[in-house]
1. How many nm is it between the label spots at Ala135 and Met70, if each spot is 7 Å from the Cα in line with the beta carbon?
2. Short version: ³J(HN,Hα) in whole Hz for each residue of region 96-111, in order, from phi by Karplus 6.51 cos²θ - 1.76 cosθ + 1.60 (θ = phi - 60°), x for Gly and Pro, what are they?
3. Using amide H atoms built in the peptide plane, which far-off residues or other-chain residues are under 5 Å from Trp83 H to H?
4. Under 5 Å between amide hydrogens, which residues at least 5 positions from Val141 or on another chain qualify, with H placed 1.01 Å from N in the peptide plane?
5. So what are the ³J(HN,Hα) numbers for region 19-32, from phi and the Karplus equation (6.51, -1.76, 1.60; θ = phi - 60°), rounded to whole Hz, Gly and Pro as x?
6. What are the residues whose amide H is under 5 Å from the amide H of Val40, where those residues sit 5 or more places off or on another chain and H is modelled from the backbone?
7. Once you put a point 7 Å from the Cα of Ser84 and another 7 Å from the Cα of Glu62, both along the Cβ direction, what distance in nm separates them?
8. What net charge do the residues around Gln133 carry, taking every other residue with its C-beta under 15 Å from that of Gln133, with Lys and Arg at +1 and Asp and Glu at -1?
Amino acid sequence: MGSCGAIVVGVDGSGGSERALIVAAELAANLRCRLVAVHVVHPPAAAAASPVGAGALAVSAEELADHCHMCCELALADVSVQWSFEVRHGAPSVELLRAAAASDAACVVVGQHGHGRLARLLLGSVTDRLVGQAATPVLVVPPVSP
């Protein structure tokens, strides 16, 4: 379509990912390339281990993916950019990089959730892993300042 293959953006239903989606859409429009919104399903291992937990997770993961898709539809309704929505399963940083490679992405865009140092230390950060592993440029969109 344009001068680059695509801009890949991670969407998870959070305010940070919605901001990242808007920034990614503007970037894609300016570069005249398509936008690929990627939602990654990553269930907690403990819940996925039980049949009841796995079933409940499947329903809630599908609902969240549907919610993310609807948010993309609404946010991109007035933006003149070709876009698609993908649901992937696995580690978010790995799947975003796979989506970037598959779509010949010029850039991966993610929102920063603004977790404190302790939360980032305990939970890890998709953004930190993505930046550390990416061969493609990564644009991190900061949260809105209070």
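Every read-out reported here was derived from the displayed coordinates using simple, explicitly stated rules and does not represent laboratory data. Predicted model, so just to flag it, every value in this text is computed and none were measured. Quick reminder, even Gly has a Cβ in these numbers, built from the backbone with ideal geometry, and neighbours come from all protein chains shown.
1. 3.9 nm
2. Going residue by residue, I get 5, 5, 5, 5, 5, 5, 5, 9, 6, 5, 7, 6, 10, 10, 9, x Hz, with x marking Gly and Pro.
3. When sequence neighbours closer than 5 places are left aside, the close amide H contacts are Leu35.
4. Amide H to amide H, under 5 Å and 5 or more residues apart or across chains, Val141 pairs with Val110, Gly111, Gln112.
5. Listing the rounded values in order: 5, 4, 4, 5, 4, 5, 5, 5, 5, 4, 5, 5, 8, 6 Hz.
6. Those lying under 5 Å, H to H, from Val40 are Val11, Arg88.
7. Result for the modelled spin labels: 2.3 nm.
8. Here the count lands on 0.
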